[in-house]
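Report on one structure; see the data block that follows.
The values are calculated or read from the model by the stated rules, or taken from the named source; none is laboratory data. From a predicted model like this one, the values you see are computed outputs, not experimental measurements. Because the Cβ atoms are built from the backbone with ideal geometry, glycine has one as well, and the counts that use them run over all protein chains shown. In case anyone asks, the SASA skips ligands and DNA or RNA and just uses the protein heavy atoms, side chains included. Shrake-Rupley method; radii C 1.70, N 1.55, O 1.52, S 1.80 Å.
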Amino acid sequence: MTGWIPDQDALKWYPHFDKYLSPEKAGKVATDAHRVATNSFFPLLRYVQAWQPFRTKITKGTLKERPIRYASRRDAYIYSYYRKLLSERYEAELARLGISACPIAYRKIPVEGGSGGKCNIHFAKDVFDVISDIGNCTVVALDISKFFEHLDHYKLKKIWARMLGVNQLPADHFAVYSSLTKYSYVERDDLYKRLGIIQEKIVNGRTVEFYTVPFDKMPLQLCTSAQFRELVAGENGVHSSLIKKNEFEYGIPQGTPLSDLLANMYLIDFDVALENYASSRGGRYFRYSDDILLIIPGSASEGVNAEKFAQMSILASGKNLVIKSSKTIMVEFKKAGDLLSYSIPAGYQNKNGLEYLGFRFDGKHVYLRDSTLSNLYRKMSKVLYHECLALVKRYRDKTPAQIVPLFDLDAVHARFSRVEDFEKYADSKRNWTFWTYARRASEIMGERGTKIPYQLKSNRLNFEAMFLEKLSFAYARINK
């Protein structure tokens with residue numbers, strides 16, 4: 001393939017080890033097989049994406065973490081191009097095997113009879129439609145533990161070669177494969193500290209870290225080649241090396257433009273096995289990344305058998321991949337006339353029907369999942385706290401009661417609530433708010449989605465109460 005250049009939306013503007021590359025230059029580098037084969041891939045930068053599910057006054061959610069590793073600009077463009085090459089082969093193989101409808105994450109799947117591609121709303125609706133059509137069935141939701149971290153390198157290489165129709169990877173593909181299996185990385189915050197971007201100071205007797213450079217002023221190239229060798233790789237012996245390497249025979253980094261496609265490719269034989277199992281029983285199989293869903297006609301005993309089959313089948317995909325029974329969700333649906341009800345088989349913990357891709361289905365209505373709403377309130381809480389902190393610092397001589405009228409609550413709430421002319425922005429995710437997302441979900445779900453808008457009925461009141469709470473916290477922190 002020649003003449004490829006990255007899309008405007010794919011251009012990389014984040015700080016990293018290399019300089020800015022124009023789209024034309026990036027295209028020339030990525031499509032030159034010899035340059036790719038001899039490319040010296042930079043270490044990835046790693047950080048941990050952590051989030052705290054919104055807590056009430058009674059409960060506090062467990063802190064969740066996901067390690068993200070992202071590539072330098074040049075390397076990311078190479079990964080993007082090879083993703084395009086492999087994606088075409090992968091899609092053709094899915095079609096040949098008759099399983100194009102099974103793996104649904106990280107792919108462009110068109111909306112039937114409409115425009116654009118499917119999103120998680122459509123995928124969830126497809127599942128709820130299948131359940132309603134089958135009627136008496138059991139749904140089994142399974143989770144592969146630490147999926148990306150446990151992909152076997154040798155098996156991945158064989159599948160990669162299979163997609164290309166060769167026995168051995170060409171030099172350029174092998175270089176890309178090696179960079180994502182024997183990858184190296186640098187902890188982002190350690191790098192920022194070494195470069196002086198993050199420093200420490202004493203505040204009220206406590207050591208706190210702060211950025212010396214605002215993010216919008218951060219240089220695209222964090223250091224020169226000489227600084228990289230000295231400060232990052234530690235070549236002169238003055239500084240220790242910050243570079244860490246994956247020494248295992250398994251695991252790929254999550255966060256590069258190619259990682260998700262490789263993860264999908266890796267499970268192609270597993271997908272075939274589970275699709276054959278489900279279809280032979282008149283059911284359906286779906287996989288969204290590491291989330292597996294089996295819809296099997298019959299009672300919970302059929303679901304138990306399906307769970308066992310999946311656990312046995314995953315063993316062929318690598319000794320480190322595990323489906324944990326403790327995370328398995330099972331829901332039994334039964335139909336009486338036009339009514340569909342659900343029950344939870346003994347030994348399984350979920351209580352409110354089937355939860356899938358941010359939604360909950362009880363056999364009649366679809367709701368936003370509690371954790372989906374939790375994420376909204378978590379974001380609202382974070383934004384409000386930082387806004388209040390800035391206000392208190394600006395008006396140090398005023399009390400919270402005097403600050404309240406100075407805060408533009410409407411403007412901040414607009415980031416999360418309804419936008420004007422919803423239809424104008426319906427197909428542009430950049431302009432979505434949570435309200436537009438919920439509205440779109442309600443419309444796509446049809447009659448089943450009529451309860452969704454009511455879940456946000458008290459959003460404004462909750463936002464106002466949260467503002468007063470965060471203002472009080474911010475005032476106490478600044479004036480303690």
Candidates 354, 339, filtered to the one that is of a type outside the set (D, E, K, R), exposed (fewer than 14 other Cβ atoms within 10 Å of the Cβ) and touching a Lys or Arg at 6+ places or on another chain (Cβ under 8 Å): 339
Assess whether residue 363 counts as being open to solvent by less than 20 Å² (accessible area, probe 1.4 Å), more than 25 Å from residue 324 (Cα to Cα) and among the small types (Gly, Ala, Ser). yes
If residue 143 meets every condition in (1) among the charged types (D, E, K, R); (2) in contact with an Asp or Glu (Cβ under 7 Å, 6 or more places away or on another chain); (3) open to solvent by 40 Å² or more (accessible area, probe 1.4 Å) apart from one, which number is that one? (3)
Say we look at the range 384-399 and pick out the residues that are touching a Phe, Trp or Tyr at 6+ places or on another chain (Cβ under 8 Å) and open to solvent by less than 50 Å² (accessible area, probe 1.4 Å); which of these is farthest from residue 124 (Cα to Cα)? 392
State which residue pairs qualify: first residue under 18 Å from residue 293 (Cβ atoms) and assigned to a loop (DSSP other than H, G, I, E, B) and inside the range 313-328, second residue acidic (Asp, Glu) and open to solvent by less than 40 Å² (accessible area, probe 1.4 Å) in any location, beta carbons under 9 Å apart, and separation of 6 or more residues or different chains. 324/143; 328/143; 328/307
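Mind checking which residues of the range 217-232 are part of a loop (DSSP other than H, G, I, E, B) and either in contact with a Phe, Trp or Tyr (Cβ under 8 Å, 6 or more places away or on another chain) or modelled with pLDDT of 95 or more (or both)? Write out each step before concluding.
Of all residues in the range 217-232, those part of a loop (DSSP other than H, G, I, E, B) come to 218-220, 222-224.
Selection gives 220, 222, 223.
State yes or no: is residue 332 open to solvent by less than 30 Å² (accessible area, probe 1.4 Å) and not in a loop (DSSP other than H, G, I, E, B)?
Details: open to solvent by less than 30 Å² (accessible area, probe 1.4 Å): yes; not in a loop (DSSP other than H, G, I, E, B): yes.
The answer is yes for residue 332.
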Between residues in the range 113-136 that are without any contact (Cβ under 8 Å) to a residue 12 or more places away in the chain and residues that are among the hydrophobic types (A, V, I, L, M, F, W, C), which pairs lie under 7 Å by C-beta distance while being six or more apart or on different chains? 117/109; 117/111
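Within the range 188-216, can you find the residues that are part of a strand (DSSP E or B) and buried (at least 17 other Cβ atoms within 10 Å of the Cβ)?
Across the range 188-216, the qualifying residue is only 198.
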